[in-house]
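Enquirer: This is the structure I have questions about; it appears just below.
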Amino acid sequence: MNALGGEESVAQKRISLLKQLVPDLTRLGMIYVEGGFVGDIEKDGLQKVAPQLGFDLVPYSVRNLDELQG
């Protein structure tokens, strides 16, 4: 949680900005490190606000950065 009101508030601002940039976007992908504290918090915040703003969140977890290569 942060001084701005929690991860949901920050996530809502990010998605709102993205929606302004790409108005027809309906699905948002997120790559995060599985079990990582920051990634889990960010994913949870995005999952809470995405439906309210008309997005489907598709999270993709990786165990380490090596899984992204290849």
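The values are calculated or read from the model by the stated rules, or taken from the named source; none is laboratory data. Computed from a predicted model, the values in this text were never measured in an experiment. Ligands, DNA and RNA are excluded from the accessible area calculation, which covers all protein heavy atoms including side chains. Shrake-Rupley method; radii C 1.70, N 1.55, O 1.52, S 1.80 Å.
Enquirer: Under a 1.4 Å probe, what is the accessible area of the chain per residue, stated in Å²? Walk me through the numbers on the way to the answer.
Expert: Numbers: 5020 Å² over 70 residues.
Roughly 72 Å² per residue, with all protein chains present.
Enquirer: Enumerate the amide H contacts of Leu57 below 5 Å, restricted to partners 5 or more residues apart or on another chain; note that Pro and chain-start residues carry no placed amide H.
Expert: Long-range HN contacts for Leu57: Leu28.
Enquirer: Relative contact order of the chain: what whole-number percent is it, with Cα pairs under 8 angstrom and at least 6 residues apart?
Expert: 38 percent
Enquirer: Next up: Which label marks the calculated value of Rg/Rh (Cα atoms, Kirkwood Rh), given the options (i) 1.00; (ii) 0.96; (iii) 1.58?
Expert: (i)
Enquirer: Residue separation times 0.36 nm, minus the C-alpha to C-alpha distance between Gln47 and Ser16: what's the value?
Expert: 9.8 nm
Enquirer: Taking the 0 to 90 degree range and rounding to the nearest ten, how far is the long axis of helix 7-21 tilted relative to the main principal axis of the chain, both from C-alpha atoms?
Expert: 70 degrees
Enquirer: Also, I was wondering about something else. When the accessible area of the range 10-70 is computed with all protein chains present and a 1.4 Å probe, what percentage of it is carbon and sulfur?
Expert: 54 percent
Enquirer: How much mean residue ellipticity at 222 nm does the chain get from its helices, if each DSSP H run of length 4 or more adds -39500 (n - 2.57) and you divide by all residues, to the nearest 500 deg cm²/dmol?
Expert: -13000 deg cm²/dmol
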